[in-house]
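What follows is one structure encoded as structure tokens, with my remarks underneath.
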Amino acid sequence: MRHISNLHQLSGILLLCLFFASCGKSKIEPKEVHDGDEVYICTGRYSKKYHSTDECIGLKSCKASVINMPVENARDHYKPCRKCVKQ
């Protein structure tokens with residue numbers, strides 16, 4: 001009976017480890033942006049980057065609106081984000 005209890009505890013610990021290991025894996029892989037693609041920008045006064053996804057960590061601190069636009073327009077005023085746009 002004690003052996004089953006230890007096995008139950010061990011399985012619980014393994015499940016917790018798997019849960020916490022998967023929590024930090026939400027990193028976005030940089031992707032290539034081509035003409036015709038939509039990108040995302042923060043409309044804040046000091047915004048300088050365009051992003052390939054609205055889920056980029058670089059947009060988390062945006063206090064203004066996040067909008068999308070064609071990359072051709074964004075390149076005129078913004079630089080690519082190193083975290084989500086593949087160079």
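Here are the numbers for this structure:
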| quantity | calculated |
| --- | --- |
| Total residues in region 60-87, condition touching a Gly at 6+ places or on another chain (Cβ under 9 Å), part of a loop (DSSP other than H, G, I, E, B), free of Cβ contacts under 8 Å to residues at least 40 places away in the same chain and within 17 Å of Pro30 (Cα to Cα) | 1 |
| Candidate set from region 41-59 (those that are assigned to a loop (DSSP other than H, G, I, E, B) and farther than 18 Å from Lys31 by Cα); member that is most open to solvent (accessible area, probe 1.4 Å) | Arg45 |
| Pairs with Cβ under 9 Å, 6+ apart, first in region 31-59 and without any contact (Cβ under 8 Å) to a residue 24 or more places away in the chain and over 14 Å from Lys79 (Cα atoms), second assigned to a loop (DSSP other than H, G, I, E, B) and among the charged types (D, E, K, R) | Gly44/Lys63 |
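The values are calculated or read from the model by the stated rules, or taken from the named source; none is laboratory data. Remember, predicted model here, so these are calculated numbers, not experimental data. Counting neighbours? That spans all protein chains shown, and the Cβs are built from the backbone with ideal geometry, glycine included. When the accessible area is computed, the model is the full protein with side chains, heavy atoms only, and any ligands, DNA or RNA have been set aside. Shrake-Rupley method; radii C 1.70, N 1.55, O 1.52, S 1.80 Å.
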